[in-house]
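Written below as C-alpha cells is the structure these notes are about.
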Amino acid sequence: MHQLQHHPESWGYAGCTVECIETHISWLLLVGEHVYKFKKPLALDFLDFSTAALRSAACQEELRINRRTAPHMYLDVVGVEGDGSEARPWRVKPWAAGDAAGVEPAVLMRRFDQKALLSRRLEAGCVADEDMDALAEQVARLHTQAAVANMAQPGGALAAPSPVHAATAPVHECLAALALVLPQVAPGQVGDLQRLEQWCAARQRALQGVWAQRWRGGHVRECHGDLHLANIAWIDGQPQLFDALEFNPDLRWIDCMADLAFLAMDLQARGRPDLAWRCVNRWLEHTGDYEGLQVLGYYRVYRALVRARVAGLQWTQLQAQRTDAASQAAHAALMDEAQRTLQRYLALAVELTQPNAVALWLAYGLSGSGKSTHSLPLVAQRGGVRLRADVERKRLFGLRAGERSDGIEGGIYTPQASRQTHERLAQLAVLVLKAGYPVLVDATFLNPATRTQFMALARALQVPCRILAFEAPLAVLRERVQARQRQGEDASEADVAVLDSQWAHLQPLAPDELALTVHVDTTQPVDWDALLPRSR
C-alpha cells in the first residue's frame, strides 16, 4: 500500500495525489476519480480474508450487494499485479477467475466528495426534512426488492437455529461484551447496563411469536446490514446507499426493521429524532409494514448497544497499546473519545427503552385543508406514526400511493371501499398503539359515524383522543386542490367537485367532539407545541 500510495506514476496515475484511508479490515486508495478498496489479509472470528481467493470472493460479493443501491459507484473488481520494479511495474487489470498468486484483488469504485456523506451534510446543516422522503423511498426499494430468506437457503441468519435466536443472540453478545469493559470505562453506568439486560430479556420473551411470524411473512431479507449516515452519500440530488456488509451474512440477512432501526438510531444519536421519525413514517407508507413497529424499539436499542460495544472495544485496544512520551497526549485523547462515545450510546440505549406517551389523533378536515402537510411534522416531532387514508385505500386495491385508480373496475371510492379503508385504518391504529407509539389517522372524518368508531377505539384502549380540525377558507382549499391535481404526485385524487360536495354536506362537530377538538389554522405556520402540549 505504501508503494502504491507514494508512487502513483508506477500504476498509471502520474501527477496525482493518492490518499490512503485505513479501516480495521480494509485499505482504500483514493486517486483521481477512482477508489481502490483492498481487503486486509486477516483471519478474525467474524471474517476470513487470509488468501487472495477469499479476498477476491469478498470483493465480488461486495460488488454484487452494493450494485443493488449504488450501481454507478461500484464499477468492477480489478487485480493489481507487479511489485513496482522496472521489471514488474504495477498494473491494474480486470480480475479474472484463476488469477495467479501475486495478483491482489480490489473493488474499483467511483470517487465522490466526502462532503456528500449524509453524516457530513447533517453536521453542516444541509439536510432538509424532505430529504428523508427520498431516503426512505430508496431504503424501502432496497427492502421490497431484496431476496427473501427461507429455510432452504444457506448462510447468514438463515443458518441460525431459529428466528428467535437470530434476533436475540447479537444482543446477548453486546451485553456480555459491555459487562466486561464497563467497570473499567464507565463504572457509573453499570446499573444502566443491568437495567438494559432486564429490559432486553423482557422484550425477547414478549417478541418470540412476533419474530417467528415475521420470518414466515417474508420480512427477513438480504438487507444492507450497516445502514448509518456515513454509508449514505447524496449524489446528483439523490441518496446512494453504499458499503453494505459483505463479510458476514448473519449481519445482512436480517429483519428489514432491524436495518431501518440502525438509520433511525443514528439520526437520533446525532440529535435529530424528528428526521428519524419522518424517515420511519415515509418507509412505512412505502412498505405497509406497520406490524414491524412491534420490533422497532427492540432493534433501535440493539443498534445503540452495538455502537457502545464498538467504542468499548476501541477503548480496550487503546489501553493495551504502548505509547512513547511524544504521543501520550494524543493517545489519551483517543481513549477519552472512546469512553465518551461508549457512555453516550449506552445512555441513548437507556433512553430508547423509555415508554412513549401514546395518543390517538384524528385529522379532521376537508380536502386541501392541510392535513397531510401539517400532520407529518407532528408525528415526526412526537415519535409517532401517521396512517393516511389515501395511501391505505390504494394499498387495499394493490395500488402504490402515486398511482391513479382509473383502471380499477367500479372505482376505489365506493361506500364499501370506504368502509374497508376505515376498518383497515382502525386495525392499524390499534396495532400502532399497542406497539407503544402515538398514532395520527389522516382522513377527512366528515362522517360522524367514523369519528364515533375511532373515539370508541381510544376509550377501549384507554388512550387520549384528540380531533385535530384543519381549517382554511374555501377559496384557499380550492386553490390547493387544483395545485395538487396539476402536480399529480399525491396519493389523494380529490378534485374541486369532491371538495364542493364535502363543503355542501359538512355537518358541525357535536358538543362532546368539540371538547376534544384542537383547531388548526393552516393559513399560518403551525406550532404543535403550542396547540397540542406534550404529555408529561
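Taking the listed residues TYR413, TYR437, the one that is assigned to a loop (DSSP other than H, G, I, E, B) and under 22 Å from the mean Cα position of the chain (by Cα) is TYR437, with no other qualifying.
One line per residue, one yes/no per condition, for (1) within 26 Å of PRO71 (Cβ to Cβ); (2) in contact with a strand residue (DSSP E or B) (Cβ under 6 Å, 6 or more places away or on another chain); (3) buried (at least 23 other Cβ atoms within 10 Å of the Cβ):
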site	(1), (2), (3)
GLN240	yes, yes, no
ASN248	yes, no, no
ALA258	yes, no, yes
ASP266	yes, no, yes
PRO273	no, no, no
ARG282	yes, no, no
HIS286	yes, no, no
LEU293	no, no, no
ALA304	no, no, yes
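For the stretch 444-465, indicate whether the set of residues that are under 30 Å from the mean Cα position of the chain (by Cα), in a strand (DSSP E or B), crowded, with 17+ Cβ neighbours inside 10 Å and in contact (Cβ under 8 Å) with a residue 12 or more places away in the chain is non-empty. Scanning the stretch 444-465 turns up at least one residue that is under 30 Å from the mean Cα position of the chain (by Cα), in a strand (DSSP E or B), crowded, with 17+ Cβ neighbours inside 10 Å and in contact (Cβ under 8 Å) with a residue 12 or more places away in the chain.
Here ALA347 meets the list (1) buried (at least 21 other Cβ atoms within 10 Å of the Cβ); (2) of a type outside the set (D, E, K, R); (3) assigned by TED's automatic domain parsing to the domain that holds GLN189 almost entirely, failing just condition (1). Which numbered condition trips up GLU104, out of (1) outside the structural domain of ARG64 (by TED's automatic domain parsing); (2) under 30 Å from LYS37 (Cα atoms)? Among (1) outside the structural domain of ARG64 (by TED's automatic domain parsing); (2) under 30 Å from LYS37 (Cα atoms), the lone unmet condition for GLU104 is (1).
Taken as a whole, the structure places LEU499 among residues that are part of a helix (DSSP H, G or I), buried (at least 16 other Cβ atoms within 10 Å of the Cβ), of a type outside the set (S, T, N, Q) and touching a residue at least 60 places away in the same chain (Cβ under 8 Å). Flag: LEU318 does not match the condition of being in a helix (DSSP H, G or I) and within 19 Å of the chain's Cα centre (by Cα). Any residue at all in the stretch 242-252 that's assigned to a helix (DSSP H, G or I) and modelled with pLDDT of 95 or more? There is no residue in the stretch 242-252 that is assigned to a helix (DSSP H, G or I) and modelled with pLDDT of 95 or more. The set of residues in the stretch 89-118 that are modelled with pLDDT of 75 or more and touching a Ser or Thr at 6+ places or on another chain (Cβ under 7 Å) comprises TRP95, PRO105. Applying a threshold of 6 Å to beta carbon distances and a minimum spacing of six or more residues, or different chains, the list of pairs starting in the stretch 62-76 at a residue that is under 14 Å from GLU222 (Cα atoms) and ending at one that is surrounded by 15 or more Cβ atoms within 10 Å (Cβ to Cβ) and of a type in the set (A, V, I, L, M, F, W, C) reads GLU62/VAL107; ILE65/ALA244; ASN66/PHE242; ASN66/ALA244; THR69/LEU142; THR69/LEU241.
For (1) touching a residue at least 24 places away in the same chain (Cβ under 8 Å); (2) buried (at least 20 other Cβ atoms within 10 Å of the Cβ), each residue gets a yes or a no:
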position: LEU318; (1), (2): no, no
position: ALA325; (1), (2): no, no
position: ALA357; (1), (2): yes, no
position: LYS371; (1), (2): yes, yes
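Can you give me the number of residues within the stretch 387-410 that are within 28 Å of the chain's Cα centre (by Cα), surrounded by 13 or more Cβ atoms within 10 Å (Cβ to Cβ) and not in a helix (DSSP H, G or I)? Adding up the residues that qualify gives 6. Within the stretch 179-221, the only residue that satisfies the criterion of being over 25 Å from the mean Cα position of the chain (by Cα) and acidic (Asp, Glu) is ASP192.
Each row is one residue, and each column tells you yes or no for (1) surrounded by 18 or more Cβ atoms within 10 Å (Cβ to Cβ); (2) closer than 14 Å to VAL80 by Cα.
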residue: GLU19; (1), (2): no, no
residue: TRP27; (1), (2): no, yes
residue: LYS37; (1), (2): yes, yes
residue: ALA43; (1), (2): no, no
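Yes or no: ARG221 surrounded by 14 or more Cβ atoms within 10 Å (Cβ to Cβ) and either of a type in the set (S, T, N, Q) or assigned to a helix (DSSP H, G or I) (or both)? Against the criterion (surrounded by 14 or more Cβ atoms within 10 Å (Cβ to Cβ) and either of a type in the set (S, T, N, Q) or assigned to a helix (DSSP H, G or I) (or both)), ARG221 does not qualify.
The values are calculated or read from the model by the stated rules, or taken from the named source; none is laboratory data. Note that the structure is predicted; figures quoted are calculated from it, not measured. FYI the Cβ positions are ideal-geometry reconstructions off the backbone, even for glycines, and counts take in every protein chain you see.
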